[in-house]
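The structure under discussion appears below in the form of structure tokens.
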Amino acid sequence: MMSNGHLAGDQALRRLGKALEETVRESDVAARLSGDEFVMLVAIRNLEQLTQIAERVVDRITKDDIRVSIGSVLMDDSAQTLEYWIGEADRRMYENKNA
């Protein structure tokens, strides 16, 4: 894999951040988790809405010629911790990335 250096990576992260900013609703939260990983907290009611939001984000980001892999989870009323849900989303992101 060829790298274009830190400057290109920084520019891509800025474009990605701007794309997320333009895509999320006022009630949503998007934040950089670490490195090239971002997290979004979105209030939705079902898996269909989750899929629509993920597709909207991918469509917007790919317009900037940035490739992304998304791992999404629909949190339920279980007593799982936030760390659990982030880990589950991360696991699904790697599944999508390697598919």
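Read-outs throughout are calculated quantities, based only on the coordinates presented, and are distinct from any laboratory measurement. Predicted, not measured: the structure shown is a model, and the values here were computed from it. For neighbour counting, all protein chains shown are included, and Cβ atoms are generated from backbone atoms with ideal geometry for every residue, glycine included.
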### Task
Please express the Cα-Cα pair-distance distribution P(r) of the chain as a list of whole percents, one per 5 Å bin, running from 0 to the bin with the greatest distance.
2, 11, 21, 26, 21, 11, 5, 2, 1
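Do any trypsin sites (Lys or Arg not before Pro) in region 45-99 lie in a DSSP loop with no more than 15 other beta carbon atoms within 10 Å, and if so, which? Intermediate results must be reported in sequence, preceding the final value.
On the way: sites: R45, R56, R60, K63, R67, R91, R92, K97; in loops: R45, K63, R67.
Answer by residue number: R45, K63, R67.
Between Y94 and R25, what FRET efficiency follows from the Cβ-Cβ distance if R0 is 30 Å, with the result rounded to 0.05?
Numbers: r = 27 Å, r/R0 = 0.89.
With R0 = 30 Å, the Cβ-Cβ based efficiency is 0.65.
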#### Entry: Evaluated at q = 0.14, 0.16, 0.22, 0.27 Å⁻¹: base-10 log I(q)/I(0), Debye formula over Cα of region 42-99
-0.43, -0.56, -0.96, -1.19
### Task
Counting residues in region 1-57 as N, plug N into 2.2 N^0.38 Å and put the Cα Rg over that result.
1.32
### Task
Just grab the label-to-label distance for D59 and D10, each label 7 Å out from Cα along the Cβ direction, in nm (one decimal).
3.3
## Note on the structure
The farthest towards the positive end of the charge dipole of the chain, of the residues Q52, M75, H6, given +1 on Cβ of Lys and Arg and -1 on Cβ of Asp and Glu, is H6
#### Entry: Backbone HN-Hα couplings from phi across region 61-74 [Karplus 6.51/-1.76/1.60, Hz, Gly and Pro as x]
5, 5, 5, 8, 6, 10, 8, 9, 10, 10, x, 10, 9, 9
### Query
So, counting K/R as plus one and D/E as minus one, what does the shell of residues with Cβ under 13 Å around G35 add up to?
-3
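First select every other residue whose beta carbon is under 13 angstrom from the beta carbon of A54; then total the charges, Lys and Arg +1, Asp and Glu -1.
-1
Arrange the following residues from fewest to most other Cβ atoms within 10 Å of their Cβ: D77, D90, D59.
D77, D59, D90
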### Query
Charges only on Cβ, +1 for Lys and Arg, -1 for Asp and Glu: so what's the dipole of the chain about the Cα centre, in debye to the nearest 20?
300
### Message
At a threshold of 8 angstrom on Cα-Cα distance, excluding pairs fewer than six apart, so keeping six or more, what relative contact order does region 6-99 reach in percent?
### Response
22
### Summary
Helix-only [θ] at 222 nm, the chain, -39500 (n - 2.57) per DSSP H run of 4+, per residue, nearest 500, equals -17500 deg cm²/dmol
### Message
Residue by residue through region 40-47, what is 3J(HN,Hα) from phi via Karplus (6.51 cos²θ - 1.76 cosθ + 1.60, θ = phi - 60°)? Round to whole Hz and write x for glycine and proline.
### Response
10, 10, 10, 7, 9, 10, 8, 5
